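The values are calculated or read from the model by the stated rules, or taken from the named source; none is laboratory data. It should be emphasised that the depicted structure is a prediction, and the values quoted were computed from it without experimental measurement. Virtual Cβ from ideal backbone geometry, glycine too; neighbours counted across all protein chains shown.
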Amino acid sequence: MTSTEIKCWGECMDVAVQIAHKAGKVVQEAVKQEKRVSSKSTPTDLVTEADQQVEDLIISTLREKFPSHRFIGEESSAAGEKCILTDEPTWIIDPIDGTCNFVHSFPMVAVSIGFAVKKELEFGVIYHCFDGTLYTARRGHGAFCNGTPIQVSKEKDISKALILTEIGAKRDPATLEIFSGNMLKLLSAPAHGVRIIGSSTLALCHIATGAAEAYYQYGLHCWDIAAAAVIIREAGGCVIDTSGEPWDGCFR
Ligand code: IPD
């Protein structure tokens, strides 16, 4: 990669921070309004008009600035757009992560913007829409919460760990059985505690700050994890798939 390209990704990240703030303010206003809610893959996989509006805002702003770049967005994918990662600079967007929280005004909702080039994640920006916290990281440049460096916890003993997870939108008997089995194992370990906050991106940011030791979930989409993966890695953590192998990005 040339030094011009590398500088350019830094400029892209500055734009991502500006847009995350702008989109976050739209979400903050939208949370006070009546929401039009519908469902996608399952009755608990929620989407609102605001999800679509915020994704349109983010993608149209980025497309104007970077016409040759590609985009993967949660709602565009739900609407049938193919989710294919190429070597081209690609933005991976979750406009409202924690849609169920958003619907209930439960204060754990984030805008998540990741950016990959040649299938390598270059930076991640996550904006907590309720408290205005901004999590950022660029590959090789460290991870930050509101500009202050962050680091994952050093605790390795599960009996001293706080574990985060999410149940996801699938509620079929097989999924619920796996979920309860995992919960039983963690609670009997016994881990200090297990938390579900309803936003995978914010949960992952809590891992990056060291507020909790580990996070696991089956069935995450690339937009749930792209930005957070850079933030966790730059905070000294690791991201692995469910077989324990290094996570390949959910795209390949
Ligand atoms: C969902 C949330 C939820 C997680 C799901 C995600 P969305 O994202 O992060 O906590 O369990 O797997 O899809 O739909 O609110 O953007």
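Structure notes:
- Qualifying position, being over 15 Å from the mean Cα position of the chain (by Cα) and under 30 Å from THR90 (Cβ atoms), among ALA227, ALA161, ALA174, ALA212: ALA212
- Screening LEU184 on (1) of a type in the set (A, V, I, L, M); (2) within 15 Å of the ligand (Cβ to nearest atom); (3) over 22 Å from CYS12 (Cβ atoms) shows it passes everything except condition (2).
- Taken over segment 59-76, the criterion of being in a helix (DSSP H, G or I) and touching a residue at least 12 places away in the same chain (Cβ under 8 Å) is satisfied by ILE59, THR61, LEU62, LYS65, GLU74, GLU75, SER76.
- Among the residues making up segment 41-58, a single one is of a type in the set (S, T, N, Q) and assigned to a strand (DSSP E or B): THR48.
- Here ALA137 meets each of (1) within 14 Å of the ligand (Cβ to nearest atom); (2) closer than 20 Å to VAL15 by Cβ; (3) assigned to a strand (DSSP E or B) with one exception, condition (1).
- Selection from segment 187-202 of residues that are closer than 21 Å to CYS100 by Cα and more than 10 Å from the ligand (Cβ to nearest atom): VAL194, ARG195
- Candidate set from segment 175-205 (those that are over 30 Å from GLY114 (Cβ atoms) and of a type in the set (Gly, Ala, Ser)); member that is surrounded by the fewest Cβ atoms within 10 Å (Cβ to Cβ): SER188
- Test: TYR216 is modelled with pLDDT of 95 or more and within 14 Å of the ligand (Cβ to nearest atom): yes
- Screening the candidates LYS35, LYS22 for the property of being of a type in the set (Lys, Arg), part of a loop (DSSP other than H, G, I, E, B) and more than 11 Å from the ligand (Cβ to nearest atom) yields one hit, LYS35.
- Of all the listed residues (ALA214, ALA203, ALA208), the sole one being of a type in the set (Gly, Ala, Ser), under 19 Å from ARG233 (Cα atoms) and either touching a Phe, Trp or Tyr at 6+ places or on another chain (Cβ under 6 Å) or in the same structural domain as ALA137 (by TED's automatic domain parsing) (or both) is ALA203.
- Positions within segment 150-181 being within 11 Å of the ligand (Cβ to nearest atom) and among the β-branched types (Val, Ile, Thr), in sequence order: THR165, ILE167
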